[in-house]
Amino acid sequence: MHVNDEEVAQATGQIIEVSEDEIEVIEPSFSDVRQAPSAAEEISISRPRNVMELPSAPPTRPGLARVVVCINQKGGVGKTTTVINVAAHLATLGLRVLVVDCDAQGNCATGLGIDKSKVEFTSRNLMLNPELAGSCRYATNIDGLHLVVGGRTLVGLEQELMSELGRERRLTEGLEVLLPHYDIVLIDTPPSLGIVTINALCAADAVIIPVQTEYFALEGIALLAGTIREIRTRLNPRLGVDAILMTMHAPTLLNGQVAGQLKETFAGLVIEPPIRRNIRIAEAPSHGIPIHLHAPESHGGNDYRGLAENLALRWGLANR
Ligand SMILES: Nc1ncnc2c1ncn2[C@@H]1O[C@H](COP(=O)(O)OP(=O)(O)OP(=O)(O)O)[C@@H](O)[C@H]1O
Ligand SMILES: [Mg+2]
């Protein structure tokens, strides 16, 4: 068909029949010729950035509690379970422990047997009214373990703090008078990076990162590593990573492979053995008690005892 015929047909709305011989099939051809790198690429090629780089944290300041944030922006990886059970075990070792629940779900109270409806002051008050810090703590059934309750009162705080000066340091200010009275402050965070989580990271010496030994574990840590770098640069140069904890581990090929990758990538930071998936751990909060009271000899009881002892050693708190 000639071009002119086609133009005429288009203009008049005529339907043209095209025979198969007339269709030209374009064969794509591929080559491995590489374009020269751009200036930006040149820089990243010559100076690779290790996205997995995790800075280590400084030693605890003398006479003050070590402030450790349990964090992972991925939900349901065992942050709250770890905070409750590690804190409870550390208290049984004779340490003075404060848990600060910065999550609007407020699950630490349930897991430690505190009735949220009877609580007057929460972590919201700790952040908004530092002068109330002493009254924000509640004693649990475990000697030496106190809790600042989280919960629904934190909803809306993000918005309220947005217009406040020094909004990232409210928790730091709230904790200041409490730090001399404890050996360790463990902060539970929500699975998001809002202003409340940023407050926790500003107040912290270090983070511990629970990860489920599942696909995407490493991507999650890479994201967190970026957040930690940013907080160190802009807000809290002390912040580092104390440990990566493998949670809900099962004897599957995938779980084993991910555990292997984690240990290879973060040698020295990954605590072994992993916390195994164990129904007793999931049951304990419904009784309002930690695993060491619910089923101390279960896999979960043994794993969390081991983890708490390992952390106490790392933090220089063993044999106090
Ligand atoms: N080792 C384990 N074995 C079995 N169940 C577990 C284990 N660890 C945690 N769980 C259960 O998995 C669920 C999620 O755990 P948890 O609430 O601690 O995660 P989270 O990271 O705090 O979640 P969120 O991001 O929503 O705050 C809970 O029901 C908990 O009881
Ligand atoms: Mg939680």
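For region 90-113, which positions are over 20 Å from residue 311 (Cβ atoms) and within 16 Å of ligand 2 (Cβ to nearest atom)? Let's see the steps before the verdict.
Of all residues in region 90-113, those over 20 Å from residue 311 (Cβ atoms) come to 103-107, 109-110, 113.
Residues satisfying the conditions are 103, 104, 105, 106, 107, 109, 110.
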Residue selected from region 81-107 under the condition away from ligand 1 (no atom under 16 Å from the Cβ) and outside any loop (DSSP other than H, G, I, E, B), by the criterion most open to solvent (accessible area, probe 1.4 Å):
92
Note on region 113-132: residues part of a loop (DSSP other than H, G, I, E, B), out of contact with any strand residue (DSSP E or B) (no Cβ under 9 Å at 6 or more places or on another chain) and more than 20 Å from residue 196 (Cα to Cα) are 113, 115
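Looking for whichever is more than 10 Å from ligand 1 (Cβ to nearest atom), assigned to a helix (DSSP H, G or I) and either within 19 Å of residue 111 (Cβ to Cβ) or aliphatic (A, V, I, L, M) (or both) here; the options are 282, 312, 267. Which one fits?
312
Matching residues to (1) open to solvent by 20 Å² or more (accessible area, probe 1.4 Å); (2) more than 29 Å from residue 155 (Cβ to Cβ); (3) small (Gly, Ala, Ser):
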residue: 198; (1), (2), (3): yes, no, no
residue: 203; (1), (2), (3): no, no, yes
residue: 207; (1), (2), (3): no, no, no
residue: 223; (1), (2), (3): yes, no, no
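A quick yes/no check of all residues on (1) within 16 Å of ligand 2 (Cβ to nearest atom); (2) surrounded by fewer than 21 Cβ atoms within 10 Å (Cβ to Cβ); (3) modelled with pLDDT of 95 or more; (4) on the phi < 0 side of the Ramachandran plot:
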position	(1), (2), (3), (4)
268	no, yes, no, no
277	no, yes, yes, yes
284	yes, no, yes, yes
297	no, yes, yes, yes
306	no, yes, yes, yes
309	no, yes, yes, yes
318	no, yes, no, yes
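Picking from 153, 110, which residue would you name as being assigned to a helix (DSSP H, G or I), within 16 Å of ligand 1 (Cβ to nearest atom) and open to solvent by 10 Å² or more (accessible area, probe 1.4 Å)?
It is 110.
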Scan (1) within 22 Å of residue 84 (Cα to Cα); (2) open to solvent by 10 Å² or more (accessible area, probe 1.4 Å) for the single condition residue 211 breaks and write down its number.
(2)
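The values are calculated or read from the model by the stated rules, or taken from the named source; none is laboratory data. Predicted model only: the values in this text are computed from it and were never measured. So basically every Cβ, Gly included, is an ideal-geometry build from the backbone, and we count neighbours across all protein chains shown. Heads up: the accessible areas ignore ligands, DNA and RNA and are worked out on the full protein's heavy atoms, side chains in. Shrake-Rupley method; radii C 1.70, N 1.55, O 1.52, S 1.80 Å.
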